[in-house]
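Notes to accompany the following structure.
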Amino acid sequence: VRQMLPSKAEGDIIDSGSELFQSHLHPDGLPVLKKAKGHYWYPADGPRILDACGGAGVACLGHGRRDVIRAVNAQMESFTYASYAHFKSKPVQELSDWLIQSTDGKMEKAYIMCSGSEAMEAALKLTIEYFRWVGEPQRTNFIARHESYHGTTIGALSVSGHHTRRVPFHSLLSPSNFHHIPACNPYRQRLSPSETDTALVARQKAELEDVFARLGPSTVAAVVLEPVVGAALGCVPPVPGYLAAMKAVCQRHGALLIYDEVMCGMGRIGGRLHAWQRLGDEDGDDVAPDLQTVAKGFAGGYQPASALLVGGKVARVMGREGRVFTHGHTYQNHPVVAAAALQVQRAVKEEGLIWNVKLRGYLLGRLLKERLGQHPNVGDVRGKGLFWGIEFVKDKATKEPFEPDLKVAERVYIRAVRVFRVLVYHGQGCAGGGRGDHIMIMPAYNVSRKLVAKIVERVARAIEEIFREL
Ligand code: PMP
């Protein structure tokens, strides 16, 4: 165990006094980063920090990979920018073709962009445009989930349910087009411990049907969901059959199904590249969406990269009568972004990392459950692949969350990084109007068994310390 904690070689353990805690609550208090390499961040002051979350689940290959840096540099030497309105470029074409091919023939078009919010914004706008093209302009309603985060721009935030991120901007968010139902969260949504997965799915399907009925089924444009809920809940996979049920309702009423795989996609849950592929395989269902967004693990942080993937149903309509999507960003189809994403994806494939994510994911989940499952303030440990969340509760029996003002998840994150030198992602405040604390563990796909054990030990120590003090 001692080996798994920060050693003298890595620097002294830093004091966890209240002053440091205070400084971390404000961006001015953040450490200045000097370097990042492999699985570690190196701040200008103090010992290195083990990266157990890749920022916001971004750094899927770890930091400082020479192969990706070389690919980016090579592209910069040829040309650094190509306006998407005037030129095609080889890296963008290659990347788009590869991305389309990765979808088992379900997706037919790809747009390369720079952020998850941009891709989600584009997905919403393309949905509206699609229904205008097919003569159903009255389809302007979107149904998403309360526990969701889809981005920071106005459309993406409108479709998000994330309470604390929405509150300051209520005046800008459209209340009439965006509607929310509960996400599939077996820890909190089961009516009783004896409610089976099948019964839970049937109930949630009926909830969705009710919203369609209330709005008028022919006014609903799309249902939007994250196949595995990320920052809004902390790595919550759906129960078997859930995605197929949501898809069936959409198909019955002629609405589109949009998956936001910005965080959970591109190999993060292991086994397959896209989360819907693994979840569909496990359930034995075809749960492919009509539109899909990806980001984070797409270029692993080497460039700001995202994409919108367009399924056959929409793509075929776009192709007709010279229809063009009335949408574009200056930096869309950026060649350097594409060069980075291509090399990251090449490395992921050549090094068999999607498989590694699945294997190490089993280990990470098992160790977290063994080490923390019985802790009185750990309500739930859940996840898939290298995407695991720990939810904290005041009372394990009643699942009562902590008061938001206590900022329990933030305390754990600060203790973890300051004292145990491991970076985790913390979240608070999506479920139930700003209540609920969790941390997320999302190491790089090439993490070793030894490093997985180290992460678990350090995170567990931080959690134990915080709750002993509380
Ligand atoms: N969707 C999901 C599921 C996300 O997790 C995020 C970012 N955390 C976004 C969309 C928005 O992405 P970005 O911050 O790159 O705009």
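The values are calculated or read from the model by the stated rules, or taken from the named source; none is laboratory data. Since this is a predicted model, take the numbers as computed values, not measurements. Note: ideal-geometry Cβ built from the backbone for every residue, glycine included; neighbour counts use all protein chains shown.
Tabulated values for the structure
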quantity: Residue list for the stretch 260-290, restricted to those being of a type outside the set (Asp, Glu) and away from the ligand (no atom under 16 Å from the Cβ); calculated: GLY270, GLY271, ARG272, LEU273, GLN277, ARG278, GLY280, GLY284, VAL287, ALA288
quantity: The stretch 86-140: number of residues that are closer than 27 Å to THR219 by Cα and either assigned to a loop (DSSP other than H, G, I, E, B) or not assigned by TED's automatic domain parsing to the domain that holds ASP286 (or both); calculated: 8
quantity: Condition broken by GLU321, with the remaining ones in (1) at positive phi; (2) in contact with a helix residue (DSSP H, G or I) (Cβ under 9 Å, 6 or more places away or on another chain); (3) away from the ligand (no atom under 16 Å from the Cβ); (4) modelled with pLDDT of 95 or more satisfied; calculated: (4)
quantity: Unique match (being away from the ligand (no atom under 16 Å from the Cβ), within 25 Å of ALA221 (Cβ to Cβ) and of a type in the set (Val, Ile, Thr)) among THR293, THR326; calculated: THR326
quantity: Evaluation of SER158 against (1) free of Cβ contacts under 8 Å to residues at least 24 places away in the same chain; (2) in contact with a strand residue (DSSP E or B) (Cβ under 7 Å, 6 or more places away or on another chain); (3) more than 23 Å from THR326 (Cα to Cα) (one fails), failing number; calculated: (3)
quantity: Residue within the stretch 281-292 that is on the phi > 0 side of the Ramachandran plot, in the same structural domain as GLN93 (by TED's automatic domain parsing), surrounded by fewer than 24 Cβ atoms within 10 Å (Cβ to Cβ) and not hydroxyl-bearing (Ser, Thr, Tyr) present; calculated: yes
quantity: Residues of the stretch 126-153 satisfying the condition of being within 11 Å of the ligand (Cβ to nearest atom) and surrounded by fewer than 20 Cβ atoms within 10 Å (Cβ to Cβ); calculated: THR152, THR153
quantity: Search result, residues across the stretch 165-208 that are among the hydroxyl-bearing types (Ser, Thr, Tyr) and under 21 Å from ARG382 (Cβ atoms); calculated: TYR187, SER192, SER194, THR196, THR198
quantity: Subset of the stretch 394-408 (residues that are out of contact with any helix residue (DSSP H, G or I) (no Cβ under 8 Å at 6 or more places or on another chain) and within 13 Å of ILE439 (Cβ to Cβ)); calculated: LYS407
quantity: Selection count, the stretch 77-125, where residues are away from the ligand (no atom under 16 Å from the Cβ) and of a type outside the set (D, E, K, R); calculated: 25
quantity: Residue within the stretch 164-176 that is crowded, with 17+ Cβ neighbours inside 10 Å and in contact with a strand residue (DSSP E or B) (Cβ under 8 Å, 6 or more places away or on another chain) present; calculated: no
quantity: Residue match in the stretch 430-449 (condition: closer than 26 Å to GLY270 by Cα, of a type in the set (Phe, Trp, Tyr) and out of contact with any Lys or Arg (no Cβ under 9 Å at 6 or more places or on another chain)); calculated: no
